[in-house]
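The values are calculated or read from the model by the stated rules, or taken from the named source; none is laboratory data. Keep in mind it's a predicted model, so treat the numbers as computed, not measured. Glycine also receives a Cβ, built like all others from the backbone with ideal geometry; neighbour counts cover every protein chain displayed.
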């Protein structure tokens, strides 16, 4: 198993444990449908994905998944309050133009929102910026800035401050180390490589 696949399996397992069997799932930025397919197989969930890439949507369809090509805000706007049991936003939040609006709308159409993101406050990122004046290049950020996707870096502290300001309830959270396998118990804003949160609607 490759390192990237190994990392992917850990956060997927955590999210699977949070998903109730036979839940209605909406995956924002679903990519090729790996997570949706995993939840379908292990939780018998009824899921649908949204993505802007036609190639990725085609991959979802080939997996036998329901997927929508287009804007996630427009898609969510077509559903009534509380239509889904859970919305998942895994590795997508930092690429959104309007993350606050997406979170608000996701908590309107669902009872729960699961969010996973790379912690830019991770100590190796800080040292790289301090010592070399440049972003770290590794498995998470494998490309130089000129070839990388657009991103709005986010840290654990920024996200928790945001939730507190907006009054969002954090029911569960898991912090994984830089290897994305072992759990961090102390100072997650420094030592967490990947963070996973479970928010509840009011």
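Side notes on the structure shown:
- Within the stretch 61-78, being touching a residue at least 24 places away in the same chain (Cβ under 8 Å), touching a strand residue (DSSP E or B) at 6+ places or on another chain (Cβ under 8 Å) and farther than 16 Å from residue 100 by Cα holds for 65, 67, 75.
- Looking only at residues in the stretch 22-47 that are within 19 Å of residue 11 (Cα to Cα) and assigned to a strand (DSSP E or B), the one that is modelled with the lowest pLDDT is 47.
- If you filter the stretch 88-109 down to residues that are more than 12 Å from the chain's Cα centre (by Cα) and part of a loop (DSSP other than H, G, I, E, B), you find that the one that is surrounded by the fewest Cβ atoms within 10 Å (Cβ to Cβ) is 97.
- Test result for residue 112, over 16 Å from the mean Cα position of the chain (by Cα), closer than 20 Å to residue 30 by Cβ, at pLDDT 95 or above and not in a loop (DSSP other than H, G, I, E, B): no
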